[in-house]
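The values are calculated or read from the model by the stated rules, or taken from the named source; none is laboratory data. Quick caveat: nothing in here was measured; it's all calculated off a predicted structure. Cβ atoms come from the backbone with ideal geometry, glycine included; neighbour counts cover every protein chain shown. These accessible areas exclude ligands, DNA and RNA; they are computed on the full protein's heavy atoms, side chains included. Shrake-Rupley method; radii C 1.70, N 1.55, O 1.52, S 1.80 Å.
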Amino acid sequence: MAKPIILTGDRPTGPLHLGHYAGSLRSRLAFQDTHQQFLLLADMQALTDNAHDTGKVRNNVVEVALDYLAVGIDPERSSICLQSQLPALAELSMLYLNLVTVARLERNPTIKDEIRARGFGRDIPAGFLCYPVAQAADITAFRATVVPVGEDQAPLIEQTNEIVRRVNALAGHALLPEAQAIIPRAGRLPGVDGRAKMSKSAGNAIALSASSDDITAAVRAMFTDPDHLRVADPGKVEGNVVFTYLDAFDDDHAAVADLKARYRRGGLGDSTVKRRLEDILQALIAPIRARRAELARNRDHVIDVIRRGTLRAREITERTRDEVMQGLGLFRL
Ligand code: TRP
């Protein structure tokens, strides 16, 4: 039996960081054994809120691909492909826009939050409001049935499946499969400052390409329990970023549980816990950084990987486009 198809992707707007690693890259490595995987460099989607800065989007295409390869994505098993050079995605987007109302797009809770966060006011780029439709085109074009995304993206999969059901009803048969969102149970990795989301723009991220000194500095400055003033004091583990990161990256769960108990009781200093976390992060990132530096010396190879992945993606997405156009009764030459 053919392996189920997974589509995931990232907007190429900056280098990837530990939040991406814990939230998605790690599971993508595991999916390589069980699924046929496509990784979309979503540069068209990045433009929906970066049209003023195409240079940033262009420059980060290879950077994000480098991050993928450096963590161990195998381009023979996971096709890395470039959204803007997959015309079938744009064609399906245009078609699907007719199956969705403006009111429905405006009701999407993710979009509402993002519009507020970006301060668009009344000047919302139409492409931004409609990006859930374009994402539905991405997912259905690849016939993906599994879409690993953060919790905030769940309403987009909901929207995708509404479109799938519309298409299937109009076609009179199950032309497209519905997609299932896979949401990581661990939740989102907070920034080193304790804020809910790690992001480069907030300045609270540890990049996958971070130097050894960057890591040391980030861990040293990491948010712990502000009321834990003396080593002997009992400390709080909840909301303490160092423990959140140990939960995410330390495989010795018994040792972490023991550290937590000692910290709560009092007598365990921040610096001891931080030293353990720093060792773990240095050991995690060092091989990624080395591999990334080596790959970066041969950009042509990376570009070739993207080209080959995009060609594979073209085959499947163009076949789906033809089936949908046909299924919906368009005149085809
Ligand atoms: N919206 C995703 C993000 O912001 C990127 C993305 C674009 C995507 N198309 C996709 C993810 C299709 C999964 C499936 O990171």
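Its alpha carbons considered, segment 274-314 gives a radius of gyration followed by a Dmax of 15.7, 48 Å.
Axis angle, to the nearest 10 degrees, between helix 54-71 and the longest C-alpha principal axis of the chain: 60 degrees. Taking the protein heavy atoms of segment 9-79 in the context of the full set of protein chains, the accessible area attributed to carbon and sulfur is 51 percent at 1.4 Å. Does segment 132-249 classify as rounded, prolate or oblate by the C-alpha gyration tensor (a ≥ b ≥ c root eigenvalues; a/c under 1.5 gives rounded; else a/b over b/c gives prolate, otherwise oblate)? Cα axes put segment 132-249 in the prolate bin. Along its first, second and third principal axes, ordered by size, segment 212-293 spans 43, 25, 18 Å in Cα coordinates.
Hey, any idea what % of segment 212-293's accessible area is carbon plus sulfur with a 1.4 Å probe? Each step should come with its number before you reach the end.
Values: 2290 of 4360 Å².
The computed percentage sits at 52.
Toward the positive end of the charge dipole of segment 100-245, with +1 on the Cβ of Lys and Arg and -1 on the Cβ of Asp and Glu, the farthest Cα among 132, 224, 190 is that of 132.
Tell me the angle of helix 253-265 to the major Cα principal axis of the chain, expressed in degrees between 0 and 90 and rounded to the nearest ten. The angle comes out near 50 degrees. Compute the long axis of helix 154-171 from its Cα atoms, compare it with the longest principal axis of the Cα atoms of the chain, and write down the angle in degrees, 0 to 90, nearest 10. Long axis of 154-171 versus the principal axis of the chain: about 20 degrees. Relative to the 2.2 N^0.38 Å rule of thumb, the chain has a C-alpha radius of gyration ratio of 1.09.
The magnitude of the dipole of segment 90-141, with charges of +1 and -1 set on the Cβ of Lys/Arg and Asp/Glu and taken from the Cα centre, is near 240 debye. Among 268-277, 236-245, sorting by the average number of other beta carbon atoms lying within 10 angstrom of each residue, highest first, gives 236-245, 268-277.
Run through the DSSP bridge list for the chain and note the antiparallel percent, rounded to the nearest 5.
Values: 1 of 16 bridges.
Beta bridges within the chain, antiparallel portion: roughly 5 percent.
Treating only the Cβ atoms of Lys and Arg (+1) and Asp and Glu (-1) as charged, compute the dipole magnitude of the chain about its Cα centre; round to the nearest 20 debye.
Values: 43 positive and 42 negative charges, 27 e Å.
In total the dipole reaches around 140 debye.
In the assembled protein chains, residue 192 presents an accessible area of approximately 20 Å² (probe radius 1.4 Å).
Calculated mean residue ellipticity at 222 nm for the chain: -16500 deg cm²/dmol, from DSSP H runs with n ≥ 4 weighted as -39500 (n - 2.57), summed, divided by the residue count and rounded to 500.
Across 318, 76, the residue with the most accessible area heads the list, and the full order at a 1.4 Å probe is 76, 318.
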